[in-house]
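Before I ask anything, let me first share the structure, which is written out below as structure tokens.
Computed from the coordinates by the stated procedures, all read-outs in this text should not be read as laboratory data. Since this is a predicted model, take the numbers as computed values, not measurements.
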Amino acid sequence: GLWVDKSIRPGSVWREQIAEAIADSREMGVFISPRFFESSHCVRELNFALEENKPVLIVYVNQVDPPSWFRMTFGERQALYRHALSRHE
């Protein structure tokens, strides 16, 4: 099934729940917008998935100029460019 971090229970240790969800997953989807790179939480979760050897699907929601560390890691991988698709694709 799909796990979304909106299902974190109130009063729980959210980092623990996110780490468990990533560790238990088969793969990780990452939706890239300019705000993604401003969030230390998003970057930390992505790094954890890589450390856990999870396949990562990159979806560019907006057109962005990713920082060099991101391009170095993901520059040669296929990605979905949602912002470039028409509403009917």
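Here are a few candidate values for P(r) over Cα pairs in 10 Å bins from 0, in percent: (1) 15, 47, 31, 8, 0; (2) 15, 32, 20, 16, 11, 5, 1; (3) 16, 43, 28, 12, 0. Which one was actually calculated from the structure I just gave you?
The value computed from this structure is option (1).
Between the helical axis of 14-24 and the dominant principal axis of the chain, each derived from Cα atoms, what acute angle in degrees is found, rounded to the nearest 10?
The helix 14-24 is inclined about 70 degrees to the chain.
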